[in-house]
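The values are calculated or read from the model by the stated rules, or taken from the named source; none is laboratory data. This is a predicted model, so every value here is computed, not measured. Please note: Cβ atoms are built from the backbone with ideal geometry, for glycine as well, and neighbour counts cover all protein chains shown.
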Amino acid sequence: MALTVLKYGHPMLRQKGARIEQVTPEIKRLIGEMLETMYGARGIGLAAQQIGRALQMTIIDLREVADRPSTLEMKGEPIEIAHFMPLVLINPQVTPVADPVSGPEGCLSFSEIYAEIARPESVEVTALNEQGERVEFRCGGLLARAVQHETDHLQGILFIDRMTREAKEEIKPQLERLQAETKAALKDLGH
């Protein structure tokens with residue numbers, strides 16, 4: 001079942017996620033619902049906070065992206081990214097291993113808002129997968145950017161928090177409109 005993606009202004013997007021101690025049938029069902037939701041929204045990543053759950057879990061799938069390259073290594077060996085997708089990261093730990101580079105980002109919680117964001121070009125990641133098994137890898141390019149964007153969500157950090165002041169000023173009217181629409185919708189729902 002596809003879920004609703006929460007929009008900017010919803011307080012859940014600022015919640016830090018709780019660690020997941022065990023991959024239960026409920027967590028596996030939630031992963032399936034998150035994948036269906038992400039694909040339905042034509043996204044490449046989705047964090048649990050974006051569907052109203054304050055958990056340390058995110059999903060990523062870059063198989064449809066051909067114009068922004070990614071790298072992936074496990075135990076020092078290059079891995080074909082398509083074989084690793086969709087990627088489920090539970091309780092991820094991300095360590096930058098390269099200098100920041102600027103690149104375009106958007107977010108399903110910020111419809112039609114995009115900006116250049118500086119993030120480390122590559123990162124090392126340790127997490128649990130959907131089976132509860134530990135995975136460790138190093139990634140670069142778009143995959144590194146997506147991993148950092150999604151793991152920020154798990155800490156209640158949004159991509160607008162990573163923008164330059166100038167970039168944020170440029171989109172301020174759009175942000176204010178989106179936030180007002182979200183707050184009005186929440187009020188209508190009695191939240």
- Query: If you scan the range 23-32, which residues turn out to be without any contact (Cβ under 8 Å) to a residue 40 or more places away in the chain and either surrounded by 16 or more Cβ atoms within 10 Å (Cβ to Cβ) or among the hydroxyl-bearing types (Ser, Thr, Tyr) (or both)?
  - Reply: Thr24, Leu30
- Message: If Asn91 meets every condition in (1) polar (S, T, N, Q); (2) crowded, with 17+ Cβ neighbours inside 10 Å; (3) at negative phi apart from one, which number is that one?
- Response: (3)
- Could you give me the residue pairs with C-beta distances under 6 Å whose first residue belongs to the range 135-160 and is in contact (Cβ under 8 Å) with a residue 24 or more places away in the chain and assigned to a helix (DSSP H, G or I), whose second residue is of a type in the set (Val, Ile, Thr) and surrounded by fewer than 19 Cβ atoms within 10 Å (Cβ to Cβ) wherever it lies, and which are 6+ apart or on separate chains? Gly141/Thr71
- Unique residue being at pLDDT 95 or above and buried (at least 19 other Cβ atoms within 10 Å of the Cβ) when the list is Ala144, Ala118: Ala144
- Query: Which numbered condition trips up Arg42, out of (1) touching a residue at least 12 places away in the same chain (Cβ under 8 Å); (2) within 23 Å of Ala2 (Cα to Cα)?
  - Reply: (1)
- Can you work out which of the residues in the range 165-191 that are more than 18 Å from Glu112 (Cα to Cα) and outside any helix (DSSP H, G or I) is modelled with the lowest pLDDT? His191
- Message: Name the single residue that is surrounded by the fewest Cβ atoms within 10 Å (Cβ to Cβ) among those in the range 1-22 being part of a loop (DSSP other than H, G, I, E, B) and of a type in the set (A, V, I, L, M, F, W, C).
- Response: Met1
- Tell me, yes or no, whether the range 102-113 has at least one residue that is aromatic (Phe, Trp, Tyr), farther than 25 Å from Arg29 by Cβ, exposed (fewer than 14 other Cβ atoms within 10 Å of the Cβ) and under 16 Å from the mean Cα position of the chain (by Cα). no
